[in-house]
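Report on one structure; see the data block that follows.
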Amino acid sequence: MPPIPPCTTEGLINLCTPAPTYTFGIPWFLIQLPNLIWFGLAALLVVLGLFLPFPAKEIDFTGYQRPGEGGES
């Protein structure tokens, strides 16, 4: 019995070795399917991060001295 069981992926995407490679018509460009999936997921998270509102609000300094004002350092 081998130490690692054979790959039996039975889903929409075949991740068994050898992984399918894509060039998209550019001879020097070569990417494997698992790497393409991770790259797409990372790009999606970056795009989502651009459009999500930043969870912060302005600090109200009324009644307080701001740093550097009033002769103190």
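Miscellaneous remarks
- If you go through the stretch 25-65 and keep only what is aromatic (Phe, Trp, Tyr) and over 22 Å from the mean Cα position of the chain (by Cα), you end up with Trp28, Phe61, Tyr64.
- Of residues in the stretch 22-54 being part of a strand (DSSP E or B) and open to solvent by 70 Å² or more (accessible area, probe 1.4 Å), the one nearest to Ile4 (Cα to Cα): Gln32
- Where a residue in the stretch 6-24 is within 12 Å of Asn35 (Cβ to Cβ) and its partner, wherever it lies, is among the aliphatic types (A, V, I, L, M) and surrounded by 10 or more Cβ atoms within 10 Å (Cβ to Cβ), with Cβ under 6 Å and at least six apart: Ala19/Leu33; Pro20/Leu33; Thr21/Leu30; Tyr22/Ile31
- In the condition set (1) part of a loop (DSSP other than H, G, I, E, B); (2) exposed (fewer than 10 other Cβ atoms within 10 Å of the Cβ), Asn14 is compliant with all but (2).
The values are calculated or read from the model by the stated rules, or taken from the named source; none is laboratory data. On a predicted model such as this, the values are computed, not experimentally measured, just so you know. Every residue, glycine among them, receives a Cβ derived from its backbone with ideal geometry; neighbour counts consider all protein chains shown. Heads up: the accessible areas ignore ligands, DNA and RNA and are worked out on the full protein's heavy atoms, side chains in. Shrake-Rupley method; radii C 1.70, N 1.55, O 1.52, S 1.80 Å.
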